[in-house]
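To start, the structure itself, in structure tokens.
The values are calculated or read from the model by the stated rules, or taken from the named source; none is laboratory data. Note that the structure is predicted; figures quoted are calculated from it, not measured. Methodologically, a virtual Cβ is constructed for each residue, glycine included, from the backbone with ideal geometry; neighbour enumeration extends over all protein chains shown. To get the accessible areas, we keep the full protein, side chains included, count just its heavy atoms, and leave off ligands, DNA and RNA. Shrake-Rupley method; radii C 1.70, N 1.55, O 1.52, S 1.80 Å.
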Amino acid sequence: LSRPSSAAHRDLPSFPTRRSSDLFRYPPEAEFELRRELALLRTRLEQVGKRVTLISLAELLRTAIEAESSIHDLIEAERTVGLMQAVDTVHEILSQYKPLDNIVVERMPTNPNPLRDVVLIVRAGALFPVYRTSSLLEQLKGRVEVPSILFFPGELDGAAGLRFMGVFDAEHNYRPMIF
């Protein structure tokens with residue numbers, strides 16, 4: 001991520017009005033720089049009349065875990081039964097008990113307007129290694145009513161393959177447009 005020139009900095013992205021989720025890929029090590037840039041982008045979008053909804057997957061992860069257990073219980077379980085069992089437990093929570101896609105949909109704007117609303121889905125790295133973003137995007141298909149962008153920490157692998165956090169094997173089934 002590099003800071004755009006002052007002229008480009010004033011230009012805002014043209015968000016499609018179609019009802020879909022797109023994906024913005026960035027290197028995982030650029031997380032904090034991305035957060036600064038997103039704060040600036042949000043301000044610029046709001047200044048031109050857009051309603052920006054920011055959905056933090058880190059926050060939703062915590063909400064889902066705490067609805068079923070507690071973070072402290074999960075940490076203790078990791079100590080006693082191991083990391084893989086704790087990862088499986090969190091994956092099960094996000095897949096079955098408190099499905100992540102349902103929580104994301106609950107956080108979408110009320111009275112959605114595709115010409116006015118923009119949803120920025122951030123902090124996907126918090127899901128590593130328990131939940132793949134490709135699953136989330138697939139489950140959101142047909143349920144998103146406004147332009148939405150998932151900010152994806154990972155590496156590009158070929159034309160359309162993505163490696164979550166640069167670690168997992170590449171997923172080649174991402175259907176959203178990748179920026």
Collect residues whose amide H, placed 1.01 Å from N in the peptide plane, falls under 5 Å from the amide H of Arg132; neighbours closer than 5 in sequence don't count. none
At 1.4 Å probe size, with the rest of the protein present, what percent of the exposed accessible area of the range 23-179 is carbon and sulfur atoms? 51
For the peptides 112-125, 43-56, what is the packing order when you average, over each peptide's residues, the other Cβ atoms within 10 Å and list the highest mean first? 112-125, 43-56
